[in-house]
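The values are calculated or read from the model by the stated rules, or taken from the named source; none is laboratory data. As the structure is a computational prediction, the values presented were derived from the model and not from experiment. For neighbour counting, all protein chains shown are included, and Cβ atoms are generated from backbone atoms with ideal geometry for every residue, glycine included.
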Amino acid sequence: MAAERAGVNLAPAKRGLQAILKSYFYWTYQRGSFHYDIMVTLILAFIFVTPWLWNYGAKPSRTAGPAHPILVSGNGGRGVIVTVDAQDVNVPVGASNAVVKKALREAIEPVTGDAVSVERWDTVTDAKGNLEWRVWAHR
């Protein structure tokens, strides 16, 4: 408004900015020119800065891996039998079957992956008298 009152014409500057933005979009500048370097700098800044500013959801697991070895054996083509030490499974006392199933699935996930379904389970003791969970699972 003030520029129009003073008699200054802003149309050529606006047209110049539009032309620059259009040429940036269509990448029309020669390699090594000032505007080419600006475009490359903006692209590199985007690549290196956005991981710090944007949450991509790629985070390591908060829970540590199992403290004891996990034994995986085949179940005659019907899935796998996974033996997990009871100390590596967080099952509250008196938990429902759904809670136990979820806890066992989370305990065997490091070796079976997340696309596994727990069919059934049982508790057993090993040769040293330690309590273990035996889990029958399949994909």
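Under the condition of being without any contact (Cβ under 8 Å) to a residue 24 or more places away in the chain and assigned to a strand (DSSP E or B), which residue from segment 110-131 is farthest from Val84 (Cα to Cα)?
Per the stated criteria, the residue is Ser117.
Does Asn55 satisfy the condition of being surrounded by 10 or more Cβ atoms within 10 Å (Cβ to Cβ) and either farther than 30 Å from Ile20 by Cα or in contact (Cβ under 8 Å) with a residue 40 or more places away in the chain (or both)?
No.
Can you name the residue in segment 64-84 that is in contact with a Pro (Cβ under 9 Å, 6 or more places away or on another chain) and at pLDDT below 90 and, of all such residues, is farthest from Asn130 (Cα to Cα)?
Among those that are in contact with a Pro (Cβ under 9 Å, 6 or more places away or on another chain) and at pLDDT below 90, it is Gly65.
Among the residues of segment 123-135, which ones are of a type in the set (A, V, I, L, M, F, W, C) and closer than 15 Å to Val89 by Cα?
Answer for segment 123-135, where residues must be of a type in the set (A, V, I, L, M, F, W, C) and closer than 15 Å to Val89 by Cα: Val124, Leu131, Trp133, Val135.
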